[in-house]
Every structure is written in structure tokens, then in C-alpha cells.
Amino acid sequence: MPKVTVYTVSRDYARYLPQAVKSVINQTFRDWELIIINDGSTDDTEEVLRHFESDPRIRIVHQPPRGLPPSCNAAIALATGDYIVRLDADDYFDENALLILAGVLDSHPKVGLVYPDYFLISSDGEVLEHVRREKIGDDVGLLDLPAHGAGAMIRRHFFLEVGGYDESVDCQDGYDLWLKFIDRYQVRNVNLPLFYYRRHPVSLSANQERILRARRALKERCVRDRYGVNRPSILAVVPVRNSSPIGDGWALRPLAGIPLLQYTLDEIRACASLTKAIVITEDQAIAAFAQARGTEALMRPKEMARMNSPIEPTIMFALEAVAKTGFKPDIVCLLHADTPLRRAYHVTEAVNTLLIFGPDSVISVCENTRLQYHHHLNGLEPMFQRRVLRFEREALYEENGAVYVSWTRAIGMQSFVGARLGHIVMPRETSLNIKSSYDLWLAEQLLALRNVKHPLSESWGL
């Protein structure tokens, strides 16, 4: 029996399939088998595969179209290797990929999954980016960034113990497997780019919002399976001061005909994961507005509402107030009212991320792919050691102010967020903070797209 089973599912990828297969044949590690599932291809896939039929290490199955998860399960049912690794038909391995990944599993018997860095390439094979992952155990202990669905090597019997691929999942099957896997087994990674991941116009990965939507659904299912109806209690706090850079009374100012504060209250009402919500303000009109719409309001001392006042005293004030009514929440969700395009599902995802991965806190962020600088003696200097190309840089994330979630035990007078910090990624379009007249105008335009169900509004998650 071979040590490693590589499995590939191909549908209409005849153009790329030879490179993928040859990258397995050319491995320096020789103890492998390759199972190829031709999933109902209508191009030249069958003819391409004829060139590899004589290799006894390669098994080829032709079938009507079934989709990726069922086809992967079918391939693994044929596998005989101790370790399995998926290679998508439009990707290919570095020649040492199997040697290095199998070596990690051989030397660490408690590790069930190991994954590498990789190169992101264009449809024509141009290297676009070196995707680097922090070293598990040394640089990162929070497992909220999953391994890539392909290129990760797994102990086959561990894979079968978690139930394999869920065939009802038609997007982000690798993320689903990751959530199930980290609950039971150790994972590791190696900081070497050992495969080439192709991004081209027909790639599923091009649809970013579909990916985010699928991950949200998988997180919700994971939490439902883990907690059932016994979820931790959550208090949503909406601090609203009367003054703002856009003028006093800003929270009740119309945005597309609806008061700004109403957008946050509506999304809170749509968020089933929240146990209780409270608006905290020093302004009677804002309190009356919230109460008239079914949300409890609490008047805070004016010194807590000054422009430069930290938020932590307000949070503690809210916790003390609800404790007097007998409610002691496990989790606090902080939602500022100047982010009107944030949706209920963003709040739910942040809560679910906290429950699944176990950080102290979760914040919402946007990914920043631009060069960053700080000012030094000779003027602006890049935050990295030198001005590097995009494919050489690590990802940067910037706080967007839309959602903050913390376990109550992690909140202190100095900081709402704890030391172990998780995150959710939001598109910039839904992260807009209203700080100026321009922001109001831009929010009006984005809401107009949402109201007419423009295709851009769906792709942006509006």
C-alpha cells in the first residue's frame, strides 16, 4: 500500500490537468498513488487522461457530474494510503510537497493535518502572491484562519472519523472540514510554498461574497451542533452620544429617509443570537426614540459621553445596570450607531467566531493590501524592512469599528477587548462609519443600490 493518496477531481479543466498530474509524477517522494475523478467533463479531459492510463500508480474514474464534495468522498473511498491530500485539477505541486508534508505526519503522530504556504498564480501561471501563514504554536495559537482546502495532507482514518466531506456543502467544503477537524485533532503547518493555487475568472474564489456567506452558514451550523439551545447569554450595547463630527442630534438625522440609529436597531432586532439590547445615551430624545421602537434605553452620566471619553466606563455602567435586574451576560456585543450598513449576519458571525475558536474577543476588520508607512527621521519609511511587492507582503487588517464582541470576563476598565483577539472580515462597503457629510452622501448611494437590488449590492454584502 502506498503511504500517500493524492486525489484530483476535474471537470472541464483539460487545459491544466496535465501540469497537475505531472507535478505528482515528478515528486521526489515516490510512495504515492493518484486517483483522478473525471466529474462529467465535456472538454478534452478524457483524451488528456488517456496519456496517463498506463501508469499503474494512477487510477482514473469517469462519472456523470456529481460535484466536488461527493466526488472527493468517492475518491477517498478508493484510497489506500495512510495519508490523503487533495490536488485540484487547475493547481500543481512543488516537487518536494509530498516528501515534506508526509515527513511532518511521520514525525508527529498526534498531528492529523499539515498544510503549507503556497503561491497564488494567474490563469496563465504568473506568480501573483506568496501566501504566507504564521507558524502554529510559535507565532499563532488561535486557529481561526483555516488551511487551504487543497494542498493539506490528512491522516485518512482521522478524515473518516470526522465524517469526510459534507455533500450538502457546495462551497467552502475545506472550511467545513477545518471546523470539524480542529475540534478533535492537532494541526500543524510548514512555512514553505509547496503548491501553486491558480486564480482565474471562472474560479469559485473570485466570488468573495459567496465565500463569506458560505463561511457564515458553516459557523452557524457548527455553533448549533456544539451548543444546541444552551448558548451563552449576550448583551448588545449601543452607545450613542448626542454630539458628533457631523453635528448634534446626528443619530436621529435621516439617512435615505430613515433615522441613522434606526439602522442599528433594526439589525439588532434581526439578530437572533442576541439575548438583550440596550441603548446608552446622555440625550433624552435619543433614549425616547429607542424606547419607542422597543429597545431599552439607559441614561448615563454626561462625563461618560465626552468626545474623548473611553468606552469602557460606559460598558461597565451598562453591566452594573443590567445586573440589578438579575441579568448577567456571558458576552457583550458593542455596536456603534454610526455604522448603518453593518448587517445582522455580521454580528452573528462575530459571536459565532468567539464561540468556535475561543479567543477573548472578536472584532470586525477590513483587509488592507496597500503599502503602509510611518514617519521617521528621514520622512516616510515602509512598515516592512523594505518596499516589497504585493506577493511578498503579509496581509494587514484594519479595525473598521462595526462589531466588537467580548466575553464579559475579558472586559476591563482599560480595554474592552482581551489579549487573544479573533476577527471577522467585512467588505469596506458595509464598514462605512459616518464621520462627515461625504460619508452620509456615500451611504445614501450604497443604500440606493441595496434598495433596487443592484448586482453590486449583493457582491458587496449590502
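This table checks each residue for (1) more than 21 Å from residue 420 (Cβ to Cβ); (2) in contact with a strand residue (DSSP E or B) (Cβ under 7 Å, 6 or more places away or on another chain); (3) polar (S, T, N, Q); (4) at pLDDT 80 or above.
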position: 335; (1), (2), (3), (4): yes, yes, no, yes
position: 339; (1), (2), (3), (4): yes, yes, yes, yes
position: 346; (1), (2), (3), (4): no, yes, no, yes
position: 352; (1), (2), (3), (4): no, no, yes, yes
position: 360; (1), (2), (3), (4): no, yes, no, yes
position: 364; (1), (2), (3), (4): no, yes, yes, yes
position: 384; (1), (2), (3), (4): yes, no, no, no
position: 388; (1), (2), (3), (4): yes, no, no, no
position: 392; (1), (2), (3), (4): yes, yes, no, no
For residue 44, state whether it is among the charged types (D, E, K, R), within 26 Å of residue 199 (Cβ to Cβ) and at pLDDT 95 or above. no
Of (1) under 23 Å from residue 96 (Cα atoms); (2) crowded, with 21+ Cβ neighbours inside 10 Å, residue 165 satisfies every one except (1)
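Among the residues of the range 32-41, is there at least one that is assigned to a helix (DSSP H, G or I) and of a type outside the set (Lys, Arg)? Lay out the reasoning, then the answer.
Taking the range 32-41 as the starting set, the residues that turn out to be assigned to a helix (DSSP H, G or I) are none.
No, because not a single residue in the range 32-41 is assigned to a helix (DSSP H, G or I) and of a type outside the set (Lys, Arg).
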For the range 208-263, which positions are more than 18 Å from residue 353 (Cβ to Cβ), surrounded by 15 or more Cβ atoms within 10 Å (Cβ to Cβ) and of a type in the set (Val, Ile, Thr)? 237, 238, 240, 246
Looking at this structure, is residue 290 in a strand (DSSP E or B), assigned by TED's automatic domain parsing to the domain that holds residue 242 and in contact with a helix residue (DSSP H, G or I) (Cβ under 8 Å, 6 or more places away or on another chain)? no
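Of all the residues that make up the range 297-311, how many are over 17 Å from residue 260 (Cα atoms) and either outside any loop (DSSP other than H, G, I, E, B) or not assigned by TED's automatic domain parsing to the domain that holds residue 232 (or both)? Show your work before the answer.
Step one: list which residues in the range 297-311 are over 17 Å from residue 260 (Cα atoms), which gives 298-311.
Filter once more, so that each one left must be either outside any loop (DSSP other than H, G, I, E, B) or not assigned by TED's automatic domain parsing to the domain that holds residue 232 (or both): 298-299, 302-305.
Qualifying residue count for the region: 6.
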Kindly indicate which of 288, 305 is without any contact (Cβ under 8 Å) to a residue 12 or more places away in the chain and closer than 28 Å to residue 436 by Cβ. 288
Out of 49, 87, 120, 99, which single residue is surrounded by fewer than 19 Cβ atoms within 10 Å (Cβ to Cβ), under 19 Å from residue 25 (Cβ atoms) and in the same structural domain as residue 188 (by TED's automatic domain parsing)? 99
Mind checking which residues of the range 126-156 are without any contact (Cβ under 8 Å) to a residue 12 or more places away in the chain and over 18 Å from the mean Cα position of the chain (by Cα)? 126, 138, 139
Mind listing whichever residues of the range 88-125 are farther than 20 Å from residue 197 by Cβ and free of Cβ contacts under 8 Å to residues at least 60 places away in the same chain? 103, 105, 106, 107, 109
Criterion first (over 24 Å from residue 399 (Cα atoms), in contact (Cβ under 8 Å) with a residue 12 or more places away in the chain, in contact with a helix residue (DSSP H, G or I) (Cβ under 9 Å, 6 or more places away or on another chain) and surrounded by 14 or more Cβ atoms within 10 Å (Cβ to Cβ)) does residue 319 satisfy it? yes
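Just the residues that are of a type outside the set (S, T, N, Q) and more than 19 Å from the chain's Cα centre (by Cα), please, taken from the range 113-125. Spell out the reasoning first.
Restricting attention to the range 113-125, the residues satisfying the condition of being of a type outside the set (S, T, N, Q) are 113-121, 124-125.
113, 114, 119, 121, 124, 125 - these are the residues of the range 113-125 that are of a type outside the set (S, T, N, Q) and more than 19 Å from the chain's Cα centre (by Cα).
Given 271, 333, 366, which one is surrounded by 14 or more Cβ atoms within 10 Å (Cβ to Cβ), in contact with an Asp or Glu (Cβ under 6 Å, 6 or more places away or on another chain) and not hydroxyl-bearing (Ser, Thr, Tyr)?
Working: 271 fails: in contact with an Asp or Glu (Cβ under 6 Å, 6 or more places away or on another chain); 333 fails: in contact with an Asp or Glu (Cβ under 6 Å, 6 or more places away or on another chain).
Answer to the check: 366.
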Output the residues belonging to the range 222-258 that are closer than 16 Å to residue 407 by Cβ and of a type in the set (Val, Ile, Thr). 223, 234, 237
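The values are calculated or read from the model by the stated rules, or taken from the named source; none is laboratory data. Note that this is a predicted model, so its numbers are computed, not measured. With ideal geometry, Cβ positions are generated from the backbone for all residues, glycine too; neighbour counts draw on all protein chains shown.
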